[in-house]
Structure formats: structure tokens, C-alpha cells
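Trainee: Quick one: structure below, then a few questions.
The values are calculated or read from the model by the stated rules, or taken from the named source; none is laboratory data. Everything numeric in this text was worked out from a predicted model, so none of it was measured. As a convention, Cβ positions derive from the backbone with ideal geometry for all residues, glycine included, and neighbour counts pool all protein chains shown.
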Amino acid sequence: MAVDNSIVEKKKQSQPKFSVAIQSNAYKNLINKTLGEPNRAKRFVVAVSSAVAVNPMLQECDAGTILSAALLGESLNLSPSPQLGQYYLVPFNDKKRNCKVATFQIGYKGYIQLAIRSGYYKKINVLPLKFGEVINYDPLTEEIEVRIIEDEEERENAPTVGYYAFFEYLNGFTKAMYWSKNKMLKHADKYSPSFNLEATNGKYAKVSFEDYLAGKVSEKDMWLYSSFWYKDFDGMACKTMLRQLISKWGIMSTELQTAFENDMGVINENGQVEFVDNKDENMLPEQYENTNESINEPIQEEISYEVGTNDFIEDDFFNN
């Protein structure tokens, strides 16, 4: 066992950082061959390298998993920029491989982009609704009456009470869905392995979500709350609403199907997806029930939302 561990550790240490690997001829040739156009390839490398540069834990991930996930995002014509929120490169600890890997995770804005491009949808949207805005919702007819707060700052500071998503096809067919905040909290608590609504005990004890929002977490324990369900609950809720709505009632283009099937997965060298965290926190209940116990965990690390500059892309990157 000691020999096997030393071999794994040696292999792990021999893996080059992404900033080094991206300069290799093998990676250059793969990118150029996959993307074809030099200008597109150069833009791709700059965008991905910038996303990696601002996330120290992502820099420690297997370079191949970063590139594969990013190429998938590029094939869907989505940007890795955190500000755009179309898709993210999220680091995970892969205990089976004993290394850090990058997963492809699409954001709710990415789903909207893909739905619009499919050509099937006339309208599609998802929106957190604030206290006092919901007048009435009829789940039978799916008709909702709201009074949106006009002042943007006031609306921003108002507590969220629910989430509404809808789409309309070009032929006029519509479908809508409303979840209360309480329903979404219970969904996240049940299906996300890294989110807890109530306080927990044990080695990695957590405070309740209410206490987390109240700031009752010490700085040294913040790593326990790195899930996007803590950092951007409304964003994750919007993504969940769109996944539920589109997967159950929407028309799925090839790109949408690809995004759904690869979401939260590691893309291997053959282009196939492997799920390092089998309990997908946006998985539908019927999918979740058929999964195995997770043997991996997300890297606990504060993710920066500022795209930095890239200092290691050489001017002659695409000359070889």
C-alpha cells in the first residue's frame, strides 16, 4: 500500500500546472485542431487562463480536466467569465484519483442562452420574487399576479419569498412554475450534500442557514460554506427552476441536452463525462434516488468573482 501511495503521489506531483501545460505543443495542437480559427483559439485561451488565474485552487487541478471542461463550454459558445454567469470551472477533490479536478458547471444564464439559441422559445425567464410582490398564484392555471418593486435598490434589499420561471414557444404554448423560498430551501437541504438548512453536529459542525445569513460564522470556519447554495442561493435557485421547467416540459435542443448531461461533471480525454460528486445538487429527485454515495467533495475555497489578467500567455502561442 505504501508503494502504491508513493507512486500516486509522484504522479500527482509530476502533473504540470495549467499555466505550464497550456504552453505545451500537445495542448496548442489540440486547441487549434478543435477550434480551427486562430483568433477564436487565442480568445479561448485568454478567457480560460484568466478564469484559472483568479482561482488558486483551480490552478491546482489536473490541467486536462480544466481544458476539457473549457472546450465543452466553448463548443456551447458560452463564456467562463464569472461575471457573465454562463458556466463555471469548479474545482473538486477527486478522492478516487487522488487529485484535484475541474468540473463543468453551467449557470442559469447559460441555460437561458442555450434555450434562446435553440429557436424554439419566444420568451424564457426566471426571477426571484421579493416580499410584497406576489399578490396571487394559481398552480392550476399557472397564472400569477405580481406587483414588482420599481425602485431597484429597494428591490435588491428586500427579502426573497419565491421564484418564478416560465417559457413561451413560438407557437404560443406556455409553461410556468412558481416555488416558494421555503420549498427551495427544503429542496437544497435534501438534494445538495454541501448545504444544510438546520445546524449540524459532528467533526464538521455547521450553523443553521439562518445563522449563516446573520453572520454567525467565524472566519476560520467559512470554508465549510463554500457551496454556491450559500454564496449565491438565488442564483442556484434560478438554475434549479430552469432545470425543472425545461427538462420536464421544454423542447431540448442538442446543445441543451449536452449542457444537462455534462453539468457538474468532469470531462475526460475521450469527451465522456464522469461525475465526481454523484449527488448532483440540481439533480431531479428521480435521478437522485438512483445515484450512489459520493466519494468526492468540492474544494472548500473562496471563489473570486473578478476576472484577472493573464501574465503567462506568450505572443507566439499560436505560431507553432
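Trainee: Take the stretch 172-215 and flag every residue that is of a type in the set (Val, Ile, Thr) and either under 22 Å from the mean Cα position of the chain (by Cα) or under 30 Å from GLU142 (Cβ atoms) (or both).
Mentor: THR174
Trainee: Going residue by residue through the stretch 81-95, is there one that turns out to be hydrophobic (A, V, I, L, M, F, W, C), outside the structural domain of MET236 (by TED's automatic domain parsing) and more than 15 Å from the chain's Cα centre (by Cα)? Lay out the reasoning, then the answer.
Mentor: First, pick out the residues of the stretch 81-95 that are hydrophobic (A, V, I, L, M, F, W, C): 84, 89-90, 92.
Narrowing further to those that are outside the structural domain of MET236 (by TED's automatic domain parsing): 84, 89-90, 92.
Filter again for more than 15 Å from the chain's Cα centre (by Cα), leaving none.
No, every residue in the stretch 81-95 fails to be hydrophobic (A, V, I, L, M, F, W, C), outside the structural domain of MET236 (by TED's automatic domain parsing) and more than 15 Å from the chain's Cα centre (by Cα).
Trainee: For ILE106, are the conditions met, namely being buried (at least 22 other Cβ atoms within 10 Å of the Cβ) and more than 24 Å from TRP249 (Cβ to Cβ)?
Mentor: Answer is no for this residue.
Trainee: Inspect all residues belonging to the stretch 191-209 and state whether any of them is among the acidic types (Asp, Glu) and not in a strand (DSSP E or B). I'd like the intermediate steps shown before the answer.
Mentor: The initial filter retains those residues of the stretch 191-209 that are among the acidic types (Asp, Glu), namely 198.
Among the residues that remain, those that are also not in a strand (DSSP E or B) are: 198.
Yes, some residue in the stretch 191-209 is among the acidic types (Asp, Glu) and not in a strand (DSSP E or B).
Trainee: Now, a different point. Given the residues ASN32, ASN39, which is the only one that is modelled with pLDDT of 85 or more, surrounded by fewer than 16 Cβ atoms within 10 Å (Cβ to Cβ), assigned to a helix (DSSP H, G or I) and assigned by TED's automatic domain parsing to the domain that holds GLY73? Reasoning before the result, please.
Mentor: Working: ASN32 fails: surrounded by fewer than 16 Cβ atoms within 10 Å (Cβ to Cβ).
Just one listed residue meets the conditions, ASN39.
Trainee: In the stretch 45-63, which residues are crowded, with 20+ Cβ neighbours inside 10 Å and within 15 Å of LYS28 (Cα to Cα)?
Mentor: VAL45, VAL48, SER49, ALA63, listed by residue number.
Trainee: Also, quick follow-up: Would you point out which residue out of VAL161, VAL126 is in a strand (DSSP E or B) and in contact with a Cys (Cβ under 8 Å, 6 or more places away or on another chain)?
Mentor: Only one candidate passes the filter, namely VAL126.
Trainee: Looking at the stretch 114-146, which of its residues are more than 20 Å from LYS239 (Cα to Cα) and touching an Asp or Glu at 6+ places or on another chain (Cβ under 6 Å)?
Mentor: Of everything in the stretch 114-146, those that are more than 20 Å from LYS239 (Cα to Cα) and touching an Asp or Glu at 6+ places or on another chain (Cβ under 6 Å) turn out to be ILE135, ASN136, VAL146.
Trainee: Ok, one more. Taking the condition part of a loop (DSSP other than H, G, I, E, B), closer than 25 Å to ILE251 by Cβ and not aliphatic (A, V, I, L, M), does ASN171 pass?
Mentor: Here the answer is yes, as ASN171 does meet what is asked.
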